[in-house]
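Worksheet: one structure, shown below.
Rule-based calculations on the coordinates, nothing more; no lab input. What you see is a predicted model, and the numbers here were worked out from it, not measured in a lab. Quick reminder, even Gly has a Cβ in these numbers, built from the backbone with ideal geometry, and neighbours come from all protein chains shown.
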Amino acid sequence: MKGLTFLLDGLSNAPTDEAKQGYLKNFLKKTSGADRGYGLAIAVSELNMPTVKAAALKGSLLDRLDPKLFELSHGFAGDLSETIALLWPAPAIKELRIAEVIERLKIAKKQDLQTVLEDILNCQEASERRMLLKLMTAGKKAFLPGSLAKSALASWSKVDLTEIEEVWATLTPPYKELFDWLEGRVSKPNTIGRAIFKSPLSTIRLDEQGPNSLSPEVHAVGWSWEGLRVQLSSFGDEVKLFSEIGEDITAAFPDIVDQADFHGIVEGVLQVVKDGVVLPSEMLQQRVGRRPTTKKLLESHPALFRVDDAQNLEDRALNGLTFRQRREALEKWFRPRTNWDLSSLIDWRTIDDLDKLREESTTMKGVDGLILKRWEGKYIKDEEWLFWLNPPFTTTLVLLYGEKRPGSSQFSELTLGARGEEAEGGASILPVGKVSCRVEADEQKAVNQWIEANTVERFGPVRSVAQGLWFEVSFSSVQKASRRKAGLVLDNLEVRRVLWEEPNEVLVSVKELTSLLN
Amino acid sequence: MQRASHQAESWLKVTRKGLYCVPGDFYVDPASAVDRALITHAHGDHARPGNRSVLASKETLAFMQLRYGKRAGQKLVPIELGKPLSIGGVTVCFYPAGHVLGSCQILLEYEGCRVVASGDYKRRIDPTSQAFEVVPCHVFITEATFGLPLFEHPPVEGEIEKLKQVRETFPERTLQMNAYSLGKCQRLIAELRRSGIDEPIYLNGSQFQHSETYQELGVDLGHIRSLEESRGDNLKGAIVFAPLNVLLEQFGETVRDPITVTASGWHRVRGKSFMGASELPLVISDHVDWPELTKTIEEVNPEEVWVTHGSEEATIHWCQSRQRRAKALSLVGREGEGEEG
């Protein structure tokens, strides 16, 4: 278990994705067999651990500890499971294997679970006890996104990432077939009859001027729907819904998944749509975050799947076909289902037409521009889809807080504000968005110095500053955010320029930004 | 007959300036400048500048001079450990406390009543500090920085092993060590040496100065280098004691994504790692943990325990539930959870 604690601590504290992957690769190198598989599963939150209530263990601990000392300790640490883990007397510390611990807990009958757990705690060091109790009391938590884990696996094993992505969803911890394959002992796991994820095509965002050498003979055009790009995979008796990076989100969208009465892989965009109106992306995020979903959420936040391509239909792979052929197959195959829609293509002749379409899209709810696909493009690596997105809004905001990312000396995370309600003594400034400041090193240095010199209060790595530094920013849209004071937050906020002098125009108001909500 | 410990309250007073010995007319670790000060150790919350006469171990005086220069005191009196002296009828004797180099407990004996002011102390073996000595007394004044049963510092070897594993995982990344310049820094270096790391270790200004003083006082820290004088060096994978911004500003090109390391007893409790975010928080402390605190009280076996800074309540409760008298002693300037631990 020592190796697992080291891994999870490293993943929790590492400042960069690269470092997180480094910790995982080190773990893969140093462990083997089921220990390795279970460790990986815990890191990416794919292992269903049996759960216990920390309070139940408290009773057992109080048989051996003065209740007052327990209460004082709990008051200090704040967290019950951590308090119990640290106070637990472990009379027989020895190194336990990860697989042994997991399997003992898994096969324990419900009424024996606590006894089995206590036996394990009796052998563990404090940091191991804390980790195990957290895993069993706090609900699932990913220490590393699955996509980072998969690319770490690829770089560790020198096996192509797309191949790993393809089999990943068909595997279960401790992933024996996966490691046997990655280490060359057996061939790639069989995926016949399994809902697999197949890497989607990469996408390119055109700059604001848009395309200049396009023709209707070469490119098909459709609306670019604002939402979550997904892949629905259905084979044998298995149906799975994946995000663009292969995260399994099936449990969040039964309203989409239950309609899959076919075999194949179809793709498109998910939105929350009620009575024909596309609702804010915040509501889609709530749907994605709730797994399994709830009946109430299904009713209040109904999802719509806008299908726009397919890699496989009725067990026939379409990857080798051109988009024209795939589209034809898709249109022939598609029949309307509840919560499903076929995303249509738009007729166009000239670049001017496209310009007008894109202009038109700025007034459409749930559309952020156009998507362009080559008619003759196959669904294979190196083919790219083009996005011509609406130009972002621009405005000027004032700096409220600067924050250092862990392990960095730069105040790179900035919270920016707009003018709130007018009141006596002037208007308040309310935060409307957080942005990673990506400016030249010299300018970043100057921003740092300015923040140091104008700090009003310190909250750990965060500094509040006096009003006096402005940023020209761009953002794609305004989202409702009921928990924030301003009631909104700016999406895809980016810094364009640092303004060292007070701009001439009055600072934009929250009210003006609110008007962009529609 | 009066208990000896009860009697102590008549001649040893808590004042705004700190613990004051009436018949001897001196203070122990005063919070502001006084005429005569007995200092347990050179950390800033115990040794303040501006006292007229200062009695302390020669090491403590050396660190005070390094830090305060002339303001260390007008008259600096080095005290030999274990050798009693008399001040105004009070017998005073210094004993090692094991906290940092030169740290002492101070025994005060007056009219048959023995009081030990232990300052900060620890019981773990520390290659850079003389080991704590148990001094029998009627009243034991103890810190309780980690006076809760959930504080139990793991063996230091295991923590250093973690550091070595992180190095092995990322051989190219520099280790940026955060440690208090007096004590923690040198102890970490000594533990790294003990674990077989013999390469040069780089140190920033104050950490380098204190470490040089350690070496002059006979503590071997191996090959240490001043960061300032190492501008041309490639610090990839090196061990560097310096603030992150200093390291990045001066060596930004060779130091990419350093591994930030902190060492503190507070790291035992996750929610309370208030040393700031670090990639590698090591549970290493220069204070006693709970098992050592309670063991020390039993070994010293005083009639009464006076508890200063830290979690007094649990310590007092523990004493009282074992039929030992105990009370909190609120000393000015030492409340709250300090930066070091």
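How would B:224, A:84, B:125, A:245 line up from fewest to most surrounding beta-carbon atoms within 10 angstrom?
Going from sparsest to densest Cβ surroundings: B:125, A:245, B:224, A:84.
Just to be sure I understand: of the beta bridges DSSP finds with both ends in chain A, what percent are antiparallel, rounded to 5?
Bridges in chain A are about 90 percent antiparallel.
Using the crude model of +1 on Lys and Arg Cβ and -1 on Asp and Glu Cβ, and no other charge, please compute the dipole size for segment B:156-282 relative to its Cα centre, in debye to 20.
That gives a dipole near 520 debye.
Give me the angle, in degrees from 0 to 90, between the Cα long axis of helix B:290-300 and the longest principal axis of the Cα atoms of chain B, rounded to the nearest 10.
40
Per 0.36 nm of contour for each residue apart, how much would the distance between residue A:109 and residue A:299 grow if the chain were fully extended, relative to their Cα-Cα spacing?
Extra length available between residue A:109 and residue A:299 comes to 64.7 nm.
To the nearest 10 degrees, how steeply does helix B:184-194 sit against the main Cα axis of chain B, on a 0 to 90 scale?
Result, in degrees: 60.
Taking the Cβ of residue B:25 as the center, what net charge do the other residues with Cβ under 10 Å away carry, scoring Lys and Arg +1 and Asp and Glu -1?
0
Please give me the summed charge of the neighbours of residue B:217: other residues whose Cβ is under 9 Å from its Cβ, Lys and Arg +1, Asp and Glu -1.
Summing Lys/Arg as +1 and Asp/Glu as -1 gives -1.
Per residue of segment B:132-149, in order, report the coupling 6.51 cos²θ - 1.76 cosθ + 1.60 (Karplus, θ = phi - 60°) as ³J(HN,Hα) in whole Hz, putting x for Gly and Pro.
Once θ is set to phi - 60°, the couplings for segment B:132-149 become 4, 10, 6, 10, x, 7, 7, 10, 10, 8, 10, 6, 9, 3, 10, x, 9, x Hz.
Arranged by the count of other C-beta atoms within 10 angstrom, fewest first, what order do A:399, A:214 take?
In order of increasing Cβ crowding within 10 Å: A:214, A:399.
With each pseudo-label sitting 7 Å past Cα toward Cβ, what's the residue B:3-residue A:428 distance in nm, one decimal?
Label-label distance for residue B:3 and residue A:428, simple model: 5.5 nm.
Taking amide hydrogens as modeled 1.01 Å from N in the peptide plane, which residues meet the under 5 Å criterion relative to residue A:310, leaving out close sequence neighbours?
HN-HN under 5 Å from residue A:310: A:267.
In nm, to one decimal, how far is the modelled label at residue B:233 from the one at residue A:514, with both set 7 Å along Cα→Cβ?
Computed distance between label sites residue B:233 and residue A:514 equals 5.9 nm.
Using alpha-carbon pairs under 8 Å, 6+ residues apart, how would you state the relative contact order of chain A in percent?
Across chain A, relative contact order equals 11 percent.
Cut-off is 10 Å between beta-carbons; in what order do A:17, B:198 appear when sorted fewest neighbours first?
B:198, A:17
What aspartates and glutamates sit close enough to residue A:176 to cross-link, taking a C-alpha to C-alpha distance under 12 Å and skipping anything fewer than 8 places away on the same chain?
Output for residue A:176: A:35.
On C-alpha positions alone, give me the angle between the axis of helix B:156-169 and the longest principal axis of chain B, in degrees, nearest 10.
Roughly 10 degrees between the two axes.
Which one of B:91, B:61, B:110 is farthest out on the positive end of the charge dipole of segment B:59-145, using unit charges on Cβ (Lys, Arg +1; Asp, Glu -1) and the Cα centre as origin?
Selected residue: B:61.
Label 7 Å along Cα→Cβ of residue A:16; segment A:374-414 residues with amide nitrogen under 18 Å?
A:404-413
When a/c is below 1.5 the answer is rounded, else prolate if a/b is larger than b/c, else oblate, so apply that to segment A:174-294 with a ≥ b ≥ c taken from the square roots of the Cα gyration tensor eigenvalues.
oblate
Could you give the dipole magnitude of the protein assembly as shown about its Cα centre, charging the beta-carbon of Lys and Arg +1 and that of Asp and Glu -1, in debye to the nearest 20?
The calculation lands at about 1680 debye.
Which FRET efficiency value, to the nearest 0.05, is calculated for residue A:452 and residue A:66 with the Förster distance at 51 angstrom and r the Cβ-Cβ distance?
0.60
Considering only DSSP beta bridges with both partners in chain B, what is the antiparallel share in %, to the nearest 5?
Of those bridges, close to 35 percent are antiparallel.
Picking from A:319, A:48, A:145, whose Cα lies most toward the positive end of the charge dipole for chain A (charges on Cβ: Lys, Arg +1; Asp, Glu -1)?
A:48
Report the one residue of A:414, A:453, A:294 whose Cα lies farthest in the direction of the positive end of the charge dipole of chain A (charges on C-beta: Lys and Arg +1, Asp and Glu -1; origin at the Cα centre).
Looking along the dipole axis, the top candidate is A:294.
By how many nm would the segment from residue A:319 to residue A:188 grow when fully extended, if each residue of separation counts as 0.36 nm and the alpha-carbon distance is taken off?
45.2 nm
Evaluate the relative contact order of segment B:1-159 (contact order divided by residue number), counting alpha-carbon pairs under 8 angstrom at least 6 apart; express in whole percent.
Value for segment B:1-159: 15 percent.
For chain A, rounded, prolate or oblate, judged on the Cα gyration tensor with a ≥ b ≥ c (square roots of eigenvalues), a/c < 1.5 rounded, else prolate if a/b > b/c?
Cα axes put chain A in the oblate bin.
Counting alpha carbon pairs within less than 8 Å and at least 6 residues apart, what relative contact order, in whole percent, applies to segment A:202-389?
33
Could you give each residue of segment A:131-141 its phi-based ³J(HN,Hα) in whole Hz, using Karplus coefficients 6.51, -1.76, 1.60 with θ = phi - 60°, and x for Gly or Pro?
Coupling constants for segment A:131-141: 4, 5, 5, 4, 4, 9, 10, 9, x, 6, 8 Hz.
Can you bin segment A:222-362 into rounded, prolate or oblate? Criterion: square roots of the alpha carbon gyration tensor eigenvalues sorted a ≥ b ≥ c, rounded for a/c under 1.5, prolate for a/b above b/c, oblate for the rest.
oblate
Considering amide H positions built from the backbone, and no H for Pro or chain starts, which residues 5 or more places from residue B:76, or on another chain, come under 5 Å of its amide H?
Here B:54 satisfy the definition.
For residue A:201, what is the net charge nearby, where nearby means another residue's Cβ is under 13 Å from its Cβ and Lys, Arg count +1, Asp, Glu -1?
After counting each charged neighbour, the total is 0.
Provide the per-residue ³J(HN,Hα) series for segment A:382-395, in order, calculated from phi with Karplus coefficients 6.51, -1.76, 1.60 and θ = phi - 60°, each as a whole number of Hz, with x at glycine and proline positions.
Listing the rounded values in order: 5, 6, 10, 9, 9, 10, 10, 8, 4, x, x, 6, 10, 6 Hz.
Would you calculate the separation in nanometres between label points at residue B:295 and residue B:91, each defined as 7 Å from the Cα along the Cα-to-beta-carbon direction?
So the two model labels end up 2.9 nm from each other.
Can you give the FRET efficiency for residue A:203 and residue B:83, using 1/(1 + (r/R0)^6), R0 = 56 Å, r = Cβ-Cβ distance, to the nearest 0.05?
0.10
For residue A:141, project a label point 7 Å along Cα to C-beta. Then give me every residue of segment A:73-98 with its amide nitrogen under 11 Å of that point.
A:82
Could you size up the charge dipole of segment A:202-389 around its Cα centre, putting +1 on the beta carbon of Lys and Arg and -1 on that of Asp and Glu, and report it in debye to the nearest 20?
380
Taking H as built 1.01 Å from N, whose amide H comes closer than 5 Å to the amide H of residue B:17, not counting residues under 5 places away?
Those qualifying (amide H under 5 Å, at least 5 residues apart or on another chain) number zero.
Per residue of chain B, what 222 nm ellipticity follows from adding -39500 (n - 2.57) for every DSSP H run with n ≥ 4, rounded to the nearest 500?
-7500 deg cm²/dmol
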